[in-house]
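Below: the structure, in structure tokens.
Just so it is clear, none of the values below were taken in a lab; they were calculated from the coordinates. Remember, predicted model here, so these are calculated numbers, not experimental data. Note that each Cβ is placed from the backbone with ideal geometry, even for glycine, and that neighbours are counted across all protein chains shown.
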Amino acid sequence: MKTAASHFRKIKDTFNLIGAKTGIAVQYSQVNFLEEANKERKEAIELCKLTNNYISLVNLYFNTATDFRFVGNTQGRVDNIKQAIETNSKANRPLEIEHLLYTNLVVALLENDELHEAETYYEKVVSYKELNEAPQSRESFIEAKKWLLYKQGNYDEAITLGKEYLELKQKRHQYAETLFGYKFLKLVLEAKGDKLNAYDYSEGYAKLKDSMESAKNVRSLAFYQTLYETEKNSHRIEAQQKDIELLNEKSKVKSQYMIFGFLGVVTLFGLVLLVRSRNRAKENQLIQEQFSKDLLQSQETERTRIAKDLHDSVGQQLTLIKRKAQDENKMALANLTNNTLEEVRSI
């Protein structure tokens, strides 16, 4: 992905560069490298602003807000969702996107203890009557409503909606949302004074969080290992390319020596022919022809040896790299290695 971003930057393809940087940010978020993800998103956001790419800009603001929720930065989440809403008004996106943004803003404001402002935005959410009942958008509405009921002190209804929300997320195997569902029910039950049931959800929250952290650690390890292997292969390929260049230079030098040597011998025999009598002309001519054949054969033998060295050493190493890249599904590296292998074969 970074190679693609570098390529798009060189050819000044801003649209695809934004997509590549967004992809890099998502990958960083998945392995819990939130600082690196935020850095990539900031660069992508500036590019979107320069090109008026409002659709990508909405997604970038929303993804940044999601990362802020995981680290507990509620104010940062609120600010980014508001920027997403402001940008979305210029993007001409479907109404479902606007509904999703406003429901998330209500939740973010309530988590940030801004009840009055959240109630104002909730009135707008309520106006989306059809979307609030539609299967694809009802879940976000339930989350906004349950948080508002909780902050208003209506614990029983908040618990009912909280359980419905948690069940929906569990069925969809949406682990991050399930985690927040456990946390919400724990908070409401504790506020209600039901510590026994609150403990059950607290335990569920702790187990799921530990599981997610373990998964993130595994992904982080895999990410570092992939990064190490990529860099190692890159260094190996660079070293092999240098070896190939060195072999080419040596081959050129040998060819030059052979040419100069051949010219020197021809000149020497020419002088000898001038000194000797015409009676030896035919004999000398036969000798010269035989020498030329031997020299050409020697040159051909040398070329064959060099080709064999390239095939048996460098060629086999490149073939191994290509197979390994294909096994690991690194098609870009496999294609690059294959091209290099073809060049070696041509040489």
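Modelled spin-label separation between K171 and E35, with each label point placed 7 Å from Cα along the Cα-to-Cβ direction: 4.2 nm.
For N52 and E190, what is the calculated FRET efficiency with R₀ set at 41 Å and r taken between the beta-carbons, to the nearest 0.05? For N52 and E190, the calculated efficiency is 0.30. Cross-link partners among lysines for K129, C-alpha distance below 24 Å, same-chain residues fewer than 8 apart left out? The reachable lysines, counting only those whose Cα sits under 24 Å from K129, are K82, K90, K145, K146, K151, K163, K169.
Dipole orientation for the range 1-66: of the candidates T51, T66, A20, T51 has the Cα lying most toward the positive pole (charges on Cβ; Lys, Arg +1; Asp, Glu -1). When each of K146, K10 is scored by the number of other beta-carbon atoms lying within 10 Å, the sequence from fewest to most is K10, K146. Full extension of the chain between E157 and S277 gives 30.9 nm of extra length, using 0.36 nm per residue less the Cα-Cα distance.
Using θ = phi - 60° in the Karplus curve 6.51 cos²θ - 1.76 cosθ + 1.60, the 3J(HN,Hα) couplings for the range 108-121 round to 4, 5, 5, 5, 9, 6, 10, 5, 4, 5, 4, 4, 5, 6 Hz; x is entered for Gly and Pro.
Return the FRET efficiency for the residue pair K90, H7: r is the Cβ-Cβ distance, R0 is 35 Å, and the value is rounded to the nearest 0.05. Please report the intermediate quantities before stating the final value.
Values: r = 30 Å, r/R0 = 0.84.
E between K90 and H7, to the nearest 0.05, is 0.75.
When each of the peptides 92-105, 319-332 is scored by the mean number of other C-beta atoms lying within 10 Å of its residues, the order from highest to lowest reads 92-105, 319-332. Here the 3J(HN,Hα) profile of the range 325-342, calculated from phi with Karplus coefficients 6.51, -1.76 and 1.60 at θ = phi - 60°, is 4, 5, 4, 8, 6, 9, 5, 4, 5, 4, 5, 4, 5, 4, 4, 5, 4, 5 Hz, Gly and Pro shown as x.
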